[in-house]
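Visitor: Got a structure here, written out as structure tokens. Questions coming.
The values are calculated or read from the model by the stated rules, or taken from the named source; none is laboratory data. These figures come from a predicted structure and were not determined experimentally. All Cβ positions, even for glycine, are placed from backbone atoms using ideal geometry, and neighbour counts span all protein chains on display.
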Amino acid sequence: MLKRYFRKVSQANKPQQTHLLKDIYHQWVAEQRIQFDTTQLEILEHLQITLDQLNTKKPVPKQQSLYLYGDVGRGKSMLMQLFYEACSSPQKKRFHYSQFMSELHAYAHASAQLNKTEIITAYANQLNSELQLLFIDEFYVTDIADAMLLERLFTRLFELNITIVMTSNRHPNDLYQGGIQKAQFAKFTDLLQHNAKILTLNSDKDYRLSYLKSAQQVFYSPLDAGADEFIRHSYHQLTDDAPLKPHSIKSLGRTIALTAAYQDIVLTDFNELCEQPLGSYDYIEMTKQFKVVIMANIPKLSYEKRNQAKRFMTLIDALYEHNVKLICSAETPVEDLYVDGDGVFEFKRTVSRLIEMQAQNYLDSGHN
Ligand SMILES: Nc1ncnc2c1ncn2[C@@H]1O[C@H](COP(=O)(O)OP(=O)(O)OP(=O)(O)O)[C@@H](O)[C@H]1O
Ligand SMILES: [Mg+2]
């Protein structure tokens, strides 16, 4: 079905606006894959304009980039993914924000012999040789150094006429909550607002919550004797009683120690994954190797544990992105895990995802 739509557009090669995205959306509604939502449909009209620019063979002098923001679970990533798949050019790439930043940092690190401007120019040229469309999902830059780096890079990418599409939980002006170097950060947000159309999706429904009806328990709290039993039982059930033998994986030359693993099922705990200086790259490496992560002993997080909270957030993003199933035990219910400390706003997405990850719909989905 979708293929037929996509073919129709790539053959047409017409600059005028088509209705491809809306057609697919209506199709999904008809198939009861999704519920009809006018606010989502309105967003598709804007996405369609950029899509038509991309799908036309005639180059457009200034491509329309997009920045879509709104509350958690509203369907931003779903709509942007629909747009992304409908783009007929093979020169496209989708990143999760933390993955994009970790690749950028890795590139800068490997080119330390160059100065900052040269690094950015070289990286932008590399992206330009590969991409026409860059999709960065869950944009949440909060760090002034990252904002300055992105300001240089995006300036160059916009000059090169690369289309950048982003989703975020915040308007660009609200990205930065810190006090220092506000003016520096503003340079970046101004750049975004000059070069990207800022769209907001304010549907009143969190679709993730509606998946709540889960048959099988995958999240256990509090951390009582039952929690240990739950974790051990889950591991034994899934692995046919495989022995609990320590396991480790390699990532960027580092070794990550894990409690036990059997085929694509891993048993670990909060200490192993979030008390160590691990990052997005390591977590993504784990998602490549495991389909199920059983994680014991997630503590209630607080201001003192803000770094661990940030890592936990990155971990959950990576697991969710790759449809890895999570079975875990925690000190408190999901909603109370982290309510006081840096990044509690961003943590709302983690809470929403943890809820969705308990739902049958998520548990039924294939590993990504
Ligand atoms: N109209 C809809 N009907 C049914 N399910 C929907 C609808 N829109 C989105 N969903 C589903 O709700 C879930 C959350 O959507 P999505 O991940 O796109 O939200 P989001 O706005 O990107 O959230 P976040 O800000 O947390 O990243 C997904 O599983 C998605 O498929
Ligand atoms: Mg999203």
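Visitor: If I ask for residues that are under 21 Å from ILE24 (Cα atoms) and either surrounded by 21 or more Cβ atoms within 10 Å (Cβ to Cβ) or away from ligand 2 (no atom under 13 Å from the Cβ) (or both), which ones from region 83-92 would you list?
Guide: Step one: of region 83-92, the residues under 21 Å from ILE24 (Cα atoms) are 83-90, 92.
Result: PHE83, GLU85, ALA86, CYS87, SER88, SER89, PRO90, LYS92.
Visitor: Looking only at region 316-350, count every residue that is among the hydrophobic types (A, V, I, L, M, F, W, C), surrounded by 19 or more Cβ atoms within 10 Å (Cβ to Cβ), in contact with a Phe, Trp or Tyr (Cβ under 8 Å, 6 or more places away or on another chain) and in a helix (DSSP H, G or I) and tell me the total.
Guide: 4
Visitor: Also, quick follow-up: For region 338-364, name all the residues that are under 27 Å from ASP228 (Cβ atoms) and out of contact with any helix residue (DSSP H, G or I) (no Cβ under 7 Å at 6 or more places or on another chain).
Guide: VAL339, GLN358, GLN360, LEU363
Visitor: While we're here: Determine whether TYR140 is among the aromatic types (Phe, Trp, Tyr), assigned by TED's automatic domain parsing to the domain that holds GLN40, over 16 Å from HIS96 (Cα atoms) and modelled with pLDDT under 95.
Guide: Working: among the aromatic types (Phe, Trp, Tyr): yes; assigned by TED's automatic domain parsing to the domain that holds GLN40: yes; over 16 Å from HIS96 (Cα atoms): no; modelled with pLDDT under 95: yes.
Here the answer is no, as TYR140 does not meet what is asked.
Visitor: Kindly check whether there is at least one residue in region 238-254 that is assigned to a helix (DSSP H, G or I) and not basic (Lys, Arg).
Guide: Our first condition is that a residue be assigned to a helix (DSSP H, G or I); within region 238-254, this holds for 238-239.
Filter once more, so that each one left must be not basic (Lys, Arg): 238-239.
Yes.
Visitor: Looking at ALA261, is it more than 16 Å from ligand 1 (Cβ to nearest atom), of a type outside the set (Phe, Trp, Tyr) and at pLDDT 95 or above? Before you say what the answer is, go through the steps one by one.
Guide: Details: more than 16 Å from ligand 1 (Cβ to nearest atom): yes; of a type outside the set (Phe, Trp, Tyr): yes; at pLDDT 95 or above: no.
Taking the combined requirement at face value, the residue does not satisfy it.
Visitor: Still on this structure, please answer the following. Tally up the residues in region 166-208 that are within 16 Å of ligand 2 (Cβ to nearest atom) and not in a loop (DSSP other than H, G, I, E, B), please.
Guide: 5
Visitor: Same structure, new question: Which residue pairs have Cβ atoms under 8 Å apart, sit 6 or more places apart or on different chains, and have a first residue in region 323-349 that is touching a residue at least 60 places away in the same chain (Cβ under 8 Å) and a second that is acidic (Asp, Glu) and surrounded by fewer than 16 Cβ atoms within 10 Å (Cβ to Cβ)?
Guide: Once the first residue is touching a residue at least 60 places away in the same chain (Cβ under 8 Å) and sits in region 323-349, its partners that are acidic (Asp, Glu) and surrounded by fewer than 16 Cβ atoms within 10 Å (Cβ to Cβ) give SER329/ASP228.
Visitor: Moving on to the next point. Any residue in region 157-179 that is within 19 Å of LEU79 (Cα to Cα) sitting within a Cβ distance under 7 Å of a residue that is assigned to a loop (DSSP other than H, G, I, E, B) and within 16 Å of ligand 2 (Cβ to nearest atom)? List the pairs, counting only those 6 or more apart or interchain.
Guide: Close Cβ pairs satisfying both conditions: SER168/TYR140; ASN169/ASP71; ASN169/VAL72; ASN169/TYR140.
Visitor: Something else about it: Can you tell me which condition ARG74 does not meet? The list is (1) surrounded by fewer than 19 Cβ atoms within 10 Å (Cβ to Cβ); (2) within 16 Å of ligand 2 (Cβ to nearest atom); (3) closer than 23 Å to ASN202 by Cα; (4) not polar (S, T, N, Q), and all the others hold.
Guide: Exception for ARG74: condition (1).
Visitor: Here's another thing I want to ask about it. For region 93-124, which positions are surrounded by fewer than 19 Cβ atoms within 10 Å (Cβ to Cβ), of a type outside the set (A, V, I, L, M) and over 20 Å from the mean Cα position of the chain (by Cα)?
Guide: Within region 93-124, TYR107, HIS109, SER111, GLN113, ASN115, LYS116, THR117, GLU118, THR121 qualify.
Visitor: Looking at region 77-91 only, could you name the residues that are at pLDDT below 95 and near ligand 1 (Cβ under 8 Å from one of its atoms)?
Guide: Across region 77-91, the qualifying residues are SER77, MET78, GLN81.
Visitor: Do you know which residues across region 135-156 are within 16 Å of ligand 1 (Cβ to nearest atom) and either among the aliphatic types (A, V, I, L, M) or in contact (Cβ under 8 Å) with a residue 60 or more places away in the chain (or both)? Break it down into steps so the answer makes sense when it comes.
Guide: If we filter region 135-156 for residues that are within 16 Å of ligand 1 (Cβ to nearest atom), which is where we start, we get 135-142.
Passing the criteria: ILE136, ASP137, GLU138, PHE139, TYR140, VAL141, THR142.
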